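Visitor: Encoded as structure tokens, here's the structure I'll be asking about.
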Amino acid sequence: MPAIITGYRVALAADKLGYPITALLRISTAEENCVRLGAAARALPEVLESHRVTGSDRLVVKVAAGSVSHLDEIIRELSRYGTVTVAIVLSSRSGTITRRAAPSSTAATPHSPRGRR
């Protein structure tokens with residue numbers, strides 16, 4: 001059976017540590033800039049999460065900044081590799097995945113509609 005628990009983490013209050021601004025940055029760039037963009041994002045200590053995505057954007061990163069001018073520095077650094085679109089987070093909610101009960105014998109399966117036998 002594959003591992004279900006992949007790790008533990010400590011959740012710190014970034015605002016209490018001097019980083020009151022959280023922002024989501026979407027970066028679109030040419031394919032040839034992706035490796036450099038990814039390396040630049042990994043090198044920034046303000047980057048909390050980084051996601052390679054499909055669509056017109058190449059990367060979505062979540063950052064913590066100490067001020068608007070600090071956020072601007074982060075944006076300018078990542079703008080060297082592509083176009084950055086920014087959304088400042090006003091509030092957040094996170095959740096967990098809960099395991100659902102095993103399907104009953106009349107429940108739909110990937111190969112049959114619900115209730116048909």
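Visitor: Which residues, taken from the stretch 8-46, are at pLDDT 95 or above and within 23 Å of Thr96 (Cβ to Cβ)?
Guide: Within the stretch 8-46, Thr22, Leu24 qualify.
Visitor: Report, by residue number, each residue of the stretch 73-89 that is touching a helix residue (DSSP H, G or I) at 6+ places or on another chain (Cβ under 9 Å) and assigned to a helix (DSSP H, G or I).
Guide: Glu77, Leu78
Visitor: Return yes when Arg9 is of a type in the set (D, E, K, R), in a loop (DSSP other than H, G, I, E, B) and closer than 21 Å to Arg93 by Cα and no when it is not.
Guide: Working: of a type in the set (D, E, K, R): yes; in a loop (DSSP other than H, G, I, E, B): yes; closer than 21 Å to Arg93 by Cα: yes.
The answer is yes for Arg9.
Visitor: Please indicate, with yes or no, whether at least one residue in the stretch 85-96 is surrounded by 11 or more Cβ atoms within 10 Å (Cβ to Cβ), at pLDDT 95 or above and either among the aromatic types (Phe, Trp, Tyr) or farther than 23 Å from Ala13 by Cβ (or both).
Guide: Within the stretch 85-96, one or more residues are surrounded by 11 or more Cβ atoms within 10 Å (Cβ to Cβ), at pLDDT 95 or above and either among the aromatic types (Phe, Trp, Tyr) or farther than 23 Å from Ala13 by Cβ (or both).
Visitor: I would also like to ask the following. Which of the residues that make up the stretch 7-66 are among the basic types (Lys, Arg) and either loosely packed, with under 13 Cβ neighbours inside 10 Å or in contact with a Leu (Cβ under 9 Å, 6 or more places away or on another chain) (or both)?
Guide: Within the stretch 7-66, Arg9, Lys16, Arg26, Arg42, Arg52, Arg58, Lys62 qualify.
Visitor: With the stretch 17-72 as the region, which strands (runs of 3 or more DSSP E) entirely inside it contain at least 3 residues that are under 13 Å from Val84 (Cα atoms)? Break it down stepwise before answering.
Guide: Details: elements: 21-28, 47-52, 59-65.
Qualifying strands (runs of 3 or more DSSP E): 21-28, 59-65.
Visitor: It is to be established whether one or more residues within the stretch 2-13 are free of Cβ contacts under 8 Å to residues at least 12 places away in the same chain and on the phi > 0 side of the Ramachandran plot.
Guide: Here is the first cut: in the stretch 2-13, the ones free of Cβ contacts under 8 Å to residues at least 12 places away in the same chain are 2-13.
Okay, now just the ones that are also on the phi > 0 side of the Ramachandran plot, so 7.
Yes: one or more hits.
The values are calculated or read from the model by the stated rules, or taken from the named source; none is laboratory data. The structure presented is a predicted model; accordingly, all values stated were derived computationally and were not measured. No Cβ is skipped: glycine too gets one built from the backbone with ideal geometry, and neighbour counts run over all protein chains shown.
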